[in-house]
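Read through the structure below, which is laid out as C-alpha cells, and then see the notes.
The values are calculated or read from the model by the stated rules, or taken from the named source; none is laboratory data. Bear in mind that the values here come from a model prediction, so they are computed numbers and not experimental data. Backbone-built Cβ (ideal geometry, glycine too); neighbour counts: all protein chains shown.
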C-alpha cells in the first residue's frame, strides 16, 4: 500500500479538483445524474435542501469545488462511508463536475447572500 504525507495528499486533491474545471460543466446533465444517483437520500420530494434523514448532508448550494473534492475522496477511499463510496465509484470526472454544477446552483438555506 502506498503511503503519502498529508501535504502530498492535499496536493493530489488540489490537482484532481483542478482537472475537473478544465471543461465547462453541464448542470442539466448534473441534474439528470443527481435525480438518478443522489435524490433518494439527499432530496426529499425534490427539495435538495431537505435530505430524507437529518444526518445526511444538504447538497443544495454547496460549493462546486467542495462537492467534487468530497466525491473524489469517497471514490479513492480517503473519506469512509460505504454508501457514498459505492455511489462515487460509478461516477466519471464529467459526472462529478456536472453534479457539482447542478447542486451548487440550487437554492439553499446554508448561507445568506449579500
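Things to note:
- Residues being closer than 27 Å to residue 6 by Cβ, assigned to a helix (DSSP H, G or I) and touching a helix residue (DSSP H, G or I) at 6+ places or on another chain (Cβ under 7 Å) are entirely absent from the stretch 37-44.
- Meets criteria (in contact with a strand residue (DSSP E or B) (Cβ under 8 Å, 6 or more places away or on another chain) and part of a loop (DSSP other than H, G, I, E, B)) for residue 50: yes
- Residue check: residue 31 meets all listed conditions (1) more than 30 Å from residue 3 (Cα to Cα); (2) at pLDDT 95 or above; (3) assigned to a loop (DSSP other than H, G, I, E, B) but one, namely (3).
- Among the residues of the stretch 90-101, those that are over 12 Å from residue 36 (Cβ atoms) and part of a helix (DSSP H, G or I) comprise 93, 94, 96, 97, 100, 101.
- Taken over the stretch 63-91, residues that are under 11 Å from the mean Cα position of the chain (by Cα) and either buried (at least 18 other Cβ atoms within 10 Å of the Cβ) or without any contact (Cβ under 8 Å) to a residue 40 or more places away in the chain (or both) amount to 14.
- Residue 60 crowded, with 20+ Cβ neighbours inside 10 Å and in contact with a strand residue (DSSP E or B) (Cβ under 9 Å, 6 or more places away or on another chain): yes
- Boolean, residue 11 is out of contact with any strand residue (DSSP E or B) (no Cβ under 8 Å at 6 or more places or on another chain) and either at pLDDT below 95 or surrounded by 20 or more Cβ atoms within 10 Å (Cβ to Cβ) (or both): yes
- Residue match in the stretch 75-85 (condition: in a loop (DSSP other than H, G, I, E, B) and within 15 Å of residue 37 (Cα to Cα)): no
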